[in-house]
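Peer 1: After the structure tokens below, expect a handful of questions from me.
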């Protein structure tokens, strides 16, 4: 059997240029590793760094003629691109079987499986279900009901869809309890020299990596914890429980050493939903990195309460010595009751303030990034500006303000649809930069203007000088990156006869010149 995993052509985020988008797709290298270990001839085609457009993708599929094409997508924004990859594959090779996975497709089964170009959807954690599905596809008399953790059209088992059963969903596949048993991600199947080539962002030589899966929280706006949740069926309903699992510190350090030794990578971009939940893991991993003298920078999404805890335990200092150079904390809102309304009451604003105070005063070499959400149902101009004042108070290196975006599978999505709050259900706009839902008091245009205003208030000459003159190299590079990209966006706006100071100039996905080629 021949398997082709594809990360298709796509527009990129407005505040990133092409190089900054070229980071390793972890889902594909993980799936490729288990497929290869199961004896499947496997290739990965990441169109972005190789600048392969849709016509070239079709030719590549027609030439290699894979039996299965797999596409994954967690973000609603790029769902249409993943579906177009499936259509391209079917047009190039009509006998191919297409499989999609990821948080978005797992939560939009009716729409996804109504697409004639999609054969299967893998639900939740993918490795076991995907490999078992590949085995069944290769069987002379397959029965896909034997594969746990998938969904498909009834015609594949000789049935027809009905209003009561528009698609078949099999029993959930249990989570992998011991992640250390998984093979190392198949980085060798990618052109690794083309990733992390930016001189400034996540530099030098950035690459993604992860040590954990899932989250201990259940934030109402997040679909990622749902993707890795423990699933059980009770009374015909699927019940979800947040779960967090991790590889051993030594296994993760082995992977980091491999990325450095074999591929020359010097900056690790941890894509874990919650990197620093376990203090023992944090301590042991930092010890492994120091013992091996791996001089690498790390970026991680971290929890504020865990930063405070690790500082009190003496672990944070060790992590910084071992290479922690960039953290992103979900500060989100200025009021504790608003955090609690997201099911994010596991820390308070006082905890967030303490977290950033520790980083600012004791570890200035760590780049401090925070995310904030605006556009809650009760938001007014005053409550949005209150969020901006919190960001300024925290003294961040990079505050990122995002409109609240309901995505399929989340309680927020269900609530927004049930109440008719969504201004659009076109997922091409679900980029966490373009507002898709008004508040009681603000239109989507007013929210967009406020997001721009908050960013403008945070980005001042004093802010810029503080960063560009930093004595810490990693921080200086990040500020240089921000400056270059902002200037490029402004220049592009002028060339396209757009107002370089208008918010919309900074909220447009950029389509690569080679996208259709």
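The values are calculated or read from the model by the stated rules, or taken from the named source; none is laboratory data. Owing to the predicted nature of the structure, the values given are computational and were not obtained by experimental measurement. Using ideal geometry, Cβ is built from the backbone for each residue, glycine included, and neighbour counts are taken over all protein chains shown.
Peer 1: Can you confirm whether the range 379-393 contains a residue that is modelled with pLDDT of 95 or more and in a loop (DSSP other than H, G, I, E, B)?
Peer 2: Checked against the condition, which is being modelled with pLDDT of 95 or more and in a loop (DSSP other than H, G, I, E, B), the range 379-393 yields at least one hit.
Peer 1: Okay, moving on. Select from the range 92-114 the residues that are in a loop (DSSP other than H, G, I, E, B) and either in contact with a helix residue (DSSP H, G or I) (Cβ under 6 Å, 6 or more places away or on another chain) or not assigned by TED's automatic domain parsing to the domain that holds residue 62 (or both) and list them in ascending order.
Peer 2: Correct list: 93, 96.
Peer 1: Another one. Checking the structure you have, find out if any residue of the range 242-259 is modelled with pLDDT under 95, out of contact with any strand residue (DSSP E or B) (no Cβ under 7 Å at 6 or more places or on another chain) and not assigned by TED's automatic domain parsing to the domain that holds residue 408.
Peer 2: Checking the range 242-259: not a single residue is modelled with pLDDT under 95, out of contact with any strand residue (DSSP E or B) (no Cβ under 7 Å at 6 or more places or on another chain) and not assigned by TED's automatic domain parsing to the domain that holds residue 408.
Peer 1: Tell me which residues, restricted to the range 25-46, are in contact with a strand residue (DSSP E or B) (Cβ under 6 Å, 6 or more places away or on another chain) and either on the phi > 0 side of the Ramachandran plot or part of a strand (DSSP E or B) (or both).
Peer 2: Result: 41, 42, 43, 44, 45, 46.
Peer 1: Could you please give the count of residues in the range 487-503 that are at pLDDT 65 or above and out of contact with any helix residue (DSSP H, G or I) (no Cβ under 8 Å at 6 or more places or on another chain)?
Peer 2: The qualifying residues number 3.
Peer 1: Determine which member of the set 124, 196 is in contact with a helix residue (DSSP H, G or I) (Cβ under 8 Å, 6 or more places away or on another chain) and modelled with pLDDT under 95.
Peer 2: Going through 124, 196 in turn, just one is in contact with a helix residue (DSSP H, G or I) (Cβ under 8 Å, 6 or more places away or on another chain) and modelled with pLDDT under 95: 124.
Peer 1: Can you confirm whether the range 178-185 contains a residue that is modelled with pLDDT under 95 and under 20 Å from residue 299 (Cβ atoms)?
Peer 2: No, every residue in the range 178-185 fails to be modelled with pLDDT under 95 and under 20 Å from residue 299 (Cβ atoms).
Peer 1: So for the range 127-144 (the condition being part of a strand (DSSP E or B) and at pLDDT below 95), does at least one residue qualify?
Peer 2: no
Peer 1: Here's something else I'd like to know. Tell me whether the range 16-24 contains one or more residues that are free of Cβ contacts under 8 Å to residues at least 60 places away in the same chain and under 17 Å from the mean Cα position of the chain (by Cα).
Peer 2: Checked the range 16-24: at least one residue is free of Cβ contacts under 8 Å to residues at least 60 places away in the same chain and under 17 Å from the mean Cα position of the chain (by Cα).
Peer 1: Looking only at the range 289-317, count how many residues are crowded, with 20+ Cβ neighbours inside 10 Å, free of Cβ contacts under 8 Å to residues at least 40 places away in the same chain and out of contact with any strand residue (DSSP E or B) (no Cβ under 7 Å at 6 or more places or on another chain).
Peer 2: Total meeting the criteria: 4.
Peer 1: Among the residues of the range 49-74 satisfying the criterion of being buried (at least 20 other Cβ atoms within 10 Å of the Cβ) and modelled with pLDDT under 95, which is farthest from residue 88 (Cα to Cα)?
Peer 2: Per the criteria, the residue is 49.
Peer 1: Let me ask you something else. Going by what's in this entry, would residue 475 be described as in contact with a strand residue (DSSP E or B) (Cβ under 9 Å, 6 or more places away or on another chain), in the same structural domain as residue 397 (by TED's automatic domain parsing), farther than 25 Å from residue 223 by Cβ and modelled with pLDDT of 90 or more?
Peer 2: yes
Per-residue answers, yes or no, for (1) surrounded by fewer than 16 Cβ atoms within 10 Å (Cβ to Cβ); (2) under 19 Å from the mean Cα position of the chain (by Cα); (3) farther than 25 Å from residue 227 by Cα:
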{"position": "366", "(1), (2), (3)": "no, no, yes"}
{"position": "378", "(1), (2), (3)": "yes, no, yes"}
{"position": "384", "(1), (2), (3)": "no, no, yes"}
{"position": "389", "(1), (2), (3)": "yes, no, yes"}
{"position": "407", "(1), (2), (3)": "no, yes, no"}
{"position": "412", "(1), (2), (3)": "no, yes, no"}
{"position": "421", "(1), (2), (3)": "no, no, no"}
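Peer 1: Looking at the structure I just gave you, is residue 204 more than 26 Å from residue 41 (Cβ to Cβ) and touching a helix residue (DSSP H, G or I) at 6+ places or on another chain (Cβ under 6 Å)?
Peer 2: In short, no.
Peer 1: What's the number of the condition residue 236 fails, among (1) in contact (Cβ under 8 Å) with a residue 12 or more places away in the chain; (2) surrounded by fewer than 21 Cβ atoms within 10 Å (Cβ to Cβ); (3) at positive phi?
Peer 2: (1)
Peer 1: Going by what's in this entry, would residue 211 be described as crowded, with 18+ Cβ neighbours inside 10 Å and either farther than 27 Å from residue 25 by Cα or assigned by TED's automatic domain parsing to the domain that holds residue 99 (or both)?
Peer 2: In short, no.
Peer 1: Quick one: how many residues across the range 355-378 are over 27 Å from residue 267 (Cα atoms) and outside any loop (DSSP other than H, G, I, E, B)?
Peer 2: Qualifying residue count, the range 355-378: 2.
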